[in-house]
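Visitor: Below is the structure I would like to discuss, written out as structure tokens.
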Amino acid sequence: MNISILGLGYVGCVSAACLSKEGHQVIGIDVNIDKVNMINSGKSPIIEKDLDEILKEVVATNRLKATTDLQQGILNSELSLICVGTPSNENGSLDLRYVNGVCMDIGQALAKKNSFHIVVLRSTVLPGTVNSVVIPTLEKNSLKKAGVDFGVCINPEFLREGTSIYDFYHPPKTLIGELDKRSGDGVAQIYKNIDSPIVRTSIEVAEMIKYVNNTFHALKVCFANEIGNICKKKGIDSHQVMDIFCMDTKLNLSPYYLKPGFAFGGSCLPKDLRALLYEGKHLDLNLPVLEAIQKSNEYQINLAINKILKLGKKKIGIFGFSFKAGTDDLRESPLVTLIETLIGKGYEIKIYDRNVNIAKLFGANKKYIEEVIPHISSLMSNSMDEVINNSDVLIIGNKAEEFKQIPSLMREDKIIIDLVRIFDKDDVKVGEYDGICW
């Protein structure tokens, strides 16, 4: 394909070199004449392993050239990658002046072009930016319609400085957020020789992914450092601890626990977190990341409570009482906190949980139910139908398989609040449906 790349900074320069090496005809565009001249002489304007060699090769074979003439670059390409910077303002917000400026220029160039052109944002922007800034600016300056006269996609990069050439050719995924299928097809075409899954999704999801990645990486650094600080005080080899921790790819380094939903509970997580924080205080350590975990967990419980309170309906049915499906363990279940709060505010509560009913009669939690929460125990029912028929709002508290029957058992006037995403919205054909964080 004929590709133009706008902005020859770190991402733009690496993308230009690698795409031209893949056989595409690439025009690099930048306002900085020094960068343009360096690239045209086969030299890299940035320090990056293997980049000089690739630039020398692709410039010599005329697959890459650089220019300051944006309009000519657009008119002589089929697809444009926007790789301009999105720095921070003083208050932490994104400075979108470069994105806005380059979109104005692209739009003016598109006004003079008759063929379909695909505009691809590779710069990192917050969700909503493409729809609120990029598309309106392109349409205003081109007098054309996005998705009809020209295409729009976002294609976030996942390049690490120092290994970006390797990362370009070995990405965990190639992510394309597309306005329309034709545009997505065009972007997918330029990566057809890259051995990685191509993920095509909405523009908003793709915009969000980069922030999820980088925030999680930042969180991991701080988490590891705080664990390291505790280990240092205790005379423990922190690197050995984390090496062993990282061996567990079933739970520790895995998708497990990374699904948005309700708060954590049970006999282990809350207790062990408190114990580690107490030890940190005993060692005179400041552990802000670890200390924030419990506050965040409490916030999620309050989020669910407030969602219920705002409905203004007093009859509440709770499905799932233990902290997760398949267990009768009620110790520190966030659902107990939710139920007790609603009881205190005068709500009429009915509860169904097959496992806890069994536990009430035979299980290890019998003493806990009878002595610690007898006021809740008396609200429990043996029938899902009874809870549904006597409640206006139905709260799904865990992923017990039988709860999937609930929509087929209820009337149109019921409201489901799903705390664990046992359903997708389209699965619920009757009544109202809402999730806690989706």
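The values are calculated or read from the model by the stated rules, or taken from the named source; none is laboratory data. Values in this document were obtained by computation on a predicted structure and should not be read as measured data. Here the Cβ positions follow ideal geometry from the backbone for every residue, glycine too, while neighbour counts run over all protein chains shown. For accessibility, only protein heavy atoms count, side chains too; no ligands or nucleic acids. Shrake-Rupley method; radii C 1.70, N 1.55, O 1.52, S 1.80 Å.
Visitor: What is the number of the single condition among (1) open to solvent by less than 60 Å² (accessible area, probe 1.4 Å); (2) in contact (Cβ under 8 Å) with a residue 40 or more places away in the chain; (3) under 16 Å from the mean Cα position of the chain (by Cα); (4) more than 30 Å from I135 (Cβ to Cβ) that L283 does not meet?
Guide: (3)
Visitor: Something else now. Return the residue satisfying two criteria in turn: it lies in region 241-281 and is polar (S, T, N, Q) and out of contact with any helix residue (DSSP H, G or I) (no Cβ under 9 Å at 6 or more places or on another chain), and of such residues it is nearest to F319 (Cα to Cα).
Guide: This residue is S267.
Visitor: Select from region 257-268 the residues that are touching a residue at least 24 places away in the same chain (Cβ under 8 Å) and either open to solvent by 60 Å² or more (accessible area, probe 1.4 Å) or in contact with a strand residue (DSSP E or B) (Cβ under 9 Å, 6 or more places away or on another chain) (or both) and list them in ascending order.
Guide: The answer is K259, P260, G261.
Visitor: Something else now. Return the residues of region 391-413 that are of a type outside the set (D, E) and either at pLDDT 95 or above or within 21 Å of F323 (Cβ to Cβ) (or both); say none if nothing qualifies.
Guide: S391, V393, L394, I395, I396, G397, N398, K399, A400, F403, K404, I406
Visitor: I would also like to ask the following. Based on this model, can you work out whether I293 counts as assigned to a helix (DSSP H, G or I) and touching a residue at least 24 places away in the same chain (Cβ under 8 Å)?
Guide: no
Visitor: Can you report the number of residues in region 391-432 which are within 26 Å of N302 (Cβ to Cβ) and either touching a residue at least 24 places away in the same chain (Cβ under 8 Å) or assigned to a loop (DSSP other than H, G, I, E, B) (or both)?
Guide: Matching residues across region 391-432 total 23.
Visitor: For residues that are open to solvent by less than 10 Å² (accessible area, probe 1.4 Å) and aliphatic (A, V, I, L, M), scanning just region 337-356, find the one that is nearest to V420 (Cα to Cα).
Guide: Among them, the one singled out is L338.
Visitor: Name, by its number, the condition in (1) open to solvent by 70 Å² or more (accessible area, probe 1.4 Å); (2) within 21 Å of P172 (Cβ to Cβ); (3) not in a helix (DSSP H, G or I) that does not hold for S254.
Guide: For S254, the exception is condition (1).
Visitor: Here is a further query. On the basis of being modelled with pLDDT of 95 or more, within 21 Å of M104 (Cβ to Cβ) and in contact with a Leu (Cβ under 6 Å, 6 or more places away or on another chain), does I74 make the cut?
Guide: no
Visitor: Just one of E157, E207 is surrounded by 14 or more Cβ atoms within 10 Å (Cβ to Cβ), touching a residue at least 40 places away in the same chain (Cβ under 8 Å) and within 23 Å of N2 (Cβ to Cβ); which is it?
Guide: The match here is E157.
Visitor: Would you mind listing the strands (runs of 3 or more DSSP E) fully within region 46-137 where at least 3 residues are in contact (Cβ under 8 Å) with a residue 60 or more places away in the chain and open to solvent by less than 20 Å² (accessible area, probe 1.4 Å)?
Guide: Answer list for region 46-137: 79-82.
Visitor: Can you confirm whether I194 is over 18 Å from the mean Cα position of the chain (by Cα), in a loop (DSSP other than H, G, I, E, B) and surrounded by 14 or more Cβ atoms within 10 Å (Cβ to Cβ)?
Guide: Considered against the rule, which asks whether it is over 18 Å from the mean Cα position of the chain (by Cα), in a loop (DSSP other than H, G, I, E, B) and surrounded by 14 or more Cβ atoms within 10 Å (Cβ to Cβ), I194 comes out as yes.
Visitor: Another question, then. Checking the conditions here, which among Y347, Y352 is touching a helix residue (DSSP H, G or I) at 6+ places or on another chain (Cβ under 6 Å) and of a type outside the set (S, T, N, Q)?
Guide: When all the criteria are applied, what remains is Y352.
Visitor: Can you name the residue in region 231-251 that is polar (S, T, N, Q) and within 23 Å of L285 (Cα to Cα) and is also surrounded by the fewest Cβ atoms within 10 Å (Cβ to Cβ) among such residues?
Guide: Among those residues, the one meeting the criterion is Q240.
Visitor: Starting from region 318-341, take each residue that is on the phi > 0 side of the Ramachandran plot and list its partners that are crowded, with 23+ Cβ neighbours inside 10 Å and assigned to a loop (DSSP other than H, G, I, E, B), counting only C-beta distances under 6 angstrom and pairs at least six apart or across chains.
Guide: Listed by first residue and then by second, the contacts come to G320/D353; G320/G397; G320/N398.
Visitor: Then there is this: Considering only residues that are under 15 Å from E48 (Cβ atoms) and either in a loop (DSSP other than H, G, I, E, B) or in contact with a Ser or Thr (Cβ under 6 Å, 6 or more places away or on another chain) (or both), which ones fall in region 159-175?
Guide: Passing the criteria: L159, R160, E161, G162, T163.
Visitor: Please count how many residues of region 21-37 are open to solvent by 70 Å² or more (accessible area, probe 1.4 Å) and not basic (K, R).
Guide: Total satisfying the criteria: 5.
Visitor: Among the numbered conditions (1) more than 14 Å from S322 (Cα to Cα); (2) in a helix (DSSP H, G or I); (3) more than 29 Å from the chain's Cα centre (by Cα), tell me where Y368 comes up short.
Guide: With (1) more than 14 Å from S322 (Cα to Cα); (2) in a helix (DSSP H, G or I); (3) more than 29 Å from the chain's Cα centre (by Cα) applied to Y368, the lone miss is (1).
Visitor: Also: Quick one: would you say K360 is modelled with pLDDT under 95, of a type in the set (K, R), surrounded by 12 or more Cβ atoms within 10 Å (Cβ to Cβ) and out of contact with any Ser or Thr (no Cβ under 6 Å at 6 or more places or on another chain)?
Guide: Considered against the rule, which asks whether it is modelled with pLDDT under 95, of a type in the set (K, R), surrounded by 12 or more Cβ atoms within 10 Å (Cβ to Cβ) and out of contact with any Ser or Thr (no Cβ under 6 Å at 6 or more places or on another chain), K360 comes out as yes.
Visitor: Given the criteria in a helix (DSSP H, G or I), open to solvent by less than 50 Å² (accessible area, probe 1.4 Å) and aliphatic (A, V, I, L, M), does V187 qualify?
Guide: It is true that V187 is in a helix (DSSP H, G or I), open to solvent by less than 50 Å² (accessible area, probe 1.4 Å) and aliphatic (A, V, I, L, M).
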